[in-house]
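This report concerns only the one structure given below.
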Amino acid sequence: MILEISIFVLLRIIFLSFLAVGFFFMLLNGLVRNSNYKRKAFYNFLLGVGFVSLFVISYLYDRQNTDMVNFTKHYVLIGVSGFYLVTLTIYNYIQGARKNERLFKGGRSSKPKDFIYILLKYQDGYLLEKTNDKYLAVIQKMKTNFHDEEVSKFASNYGNCFNVSYKGIVLKKDYNYYCYLIETVNLNPKLEYVDQFQLTKVMMSAEDKEIILSIILRNDFVIDKRI
């Protein structure tokens with residue numbers, strides 16, 4: 001019975017510690033939701049180090065200056081803080097590295113502009129824009145640091161979109177394309193339908209053809225044209 005109660009108490013302490021510490025991490029990530037992933041990793045790292053330091057200092061103080069003999073809460077709080085520190089920092093850093101993000105922005109003139117590059121699939125073909133007798137996918141400048149949010153807004157505004165898939169990134173000196181394939185059942189008067197077997201025959205720039213074919217045939221591609 002004593003062992004069962006001890007395990008129950010320990011689980012309760014762990015659960016409440018995850019809730020308490022997690023609340024502050026949730027609050028932080030809500031405040032910095034518009035930051036890029038690497039900056040979010042940095043902020044989570046600072047908060048995590050702060051919590052770990054606070055609970056370690058509290059543990060050392062109580063051990064030296066009080067008659068406390070059970071430091072379970074201290075150990076759990078240190079462990080939970082370390083868990084949030086490691087997992088949130090690593091997760092956000094990896095996401096930022098995959099998307100070629102920078103921790104701090106450089107000069108405005110040297111930072112590439114970010115765009116979402118969307119290929120819309122409709123039945124057995126694709127919906128493309130036509131400009132100057134050349135076809136290309138839908139390209140929109142990003143208003144935030146998160147391309148997945150931008151694509152979600154696009155899909156919501158376009159309507160009847162499904163199977164939204166991130167396919168890869170195109171890196172250039174002046175701009176980056178975050179490429180997506182989206183299936184839809186809606187036609188758009190501003191877009192022209194091109195059958196899949198005619199896709200390689202219609203007029204489009206060599207760059208757009210490479211990107212579109214990569215979106216169709218590849219996953220998690222990186223096309224680096226900065227050199």
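Going by the conditions given, is Y166 modelled with pLDDT of 90 or more and over 13 Å from N188 (Cβ atoms)?
On the way: modelled with pLDDT of 90 or more: yes; over 13 Å from N188 (Cβ atoms): yes.
Yes.
Residues in the stretch 214-223 that are under 15 Å from S165 (Cα atoms) and surrounded by 13 or more Cβ atoms within 10 Å (Cβ to Cβ): how many?
5
Considering each of K73, K121 in turn, give the residue that is in the same structural domain as G159 (by TED's automatic domain parsing) and not aromatic (F, W, Y).
After applying the criteria, what remains is K121.
Let's see how each residue does on (1) within 30 Å of the chain's Cα centre (by Cα); (2) under 30 Å from K225 (Cβ atoms); (3) small (G, A, S):
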residue: R12; (1), (2), (3): no, no, no
residue: K38; (1), (2), (3): yes, yes, no
residue: V56; (1), (2), (3): no, no, no
residue: T72; (1), (2), (3): no, no, no
residue: G96; (1), (2), (3): yes, yes, yes
residue: K111; (1), (2), (3): yes, yes, no
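Can you name every residue in the stretch 130-149 that is surrounded by 15 or more Cβ atoms within 10 Å (Cβ to Cβ), more than 14 Å from the chain's Cα centre (by Cα) and in contact (Cβ under 8 Å) with a residue 60 or more places away in the chain?
Across the stretch 130-149, the qualifying residues are K130, Y135, L136, A137.
Just to be sure, is L46 among the hydrophobic types (A, V, I, L, M, F, W, C) and touching a residue at least 24 places away in the same chain (Cβ under 8 Å)?
no
Restricting to the stretch 57-78, give me the number of residues that are under 19 Å from I14 (Cα atoms) and either polar (S, T, N, Q) or modelled with pLDDT of 95 or more (or both).
Here the count works out to 3.
Filtering the stretch 21-35 down to residues that are among the small types (G, A, S) and more than 15 Å from G50 (Cα to Cα), which residue is surrounded by the most Cβ atoms within 10 Å (Cβ to Cβ)?
The selected residue is S35.
Kindly indicate which of N92, N44 is of a type outside the set (V, I, T) and either under 30 Å from Y158 (Cα atoms) or in the same structural domain as D220 (by TED's automatic domain parsing) (or both).
On the way: N44 fails: either under 30 Å from Y158 (Cα atoms) or in the same structural domain as D220 (by TED's automatic domain parsing) (or both).
Only one candidate qualifies: N92.
Kindly indicate whether any position in the stretch 77-89 is more than 27 Å from the chain's Cα centre (by Cα), assigned by TED's automatic domain parsing to the domain that holds N29 and buried (at least 19 other Cβ atoms within 10 Å of the Cβ).
Looking for residues that are more than 27 Å from the chain's Cα centre (by Cα), assigned by TED's automatic domain parsing to the domain that holds N29 and buried (at least 19 other Cβ atoms within 10 Å of the Cβ), one finds at least one in the stretch 77-89, hence yes.
The values are calculated or read from the model by the stated rules, or taken from the named source; none is laboratory data. Here the structure is a predicted model, which means the values were calculated and not measured. Quick reminder, even Gly has a Cβ in these numbers, built from the backbone with ideal geometry, and neighbours come from all protein chains shown.
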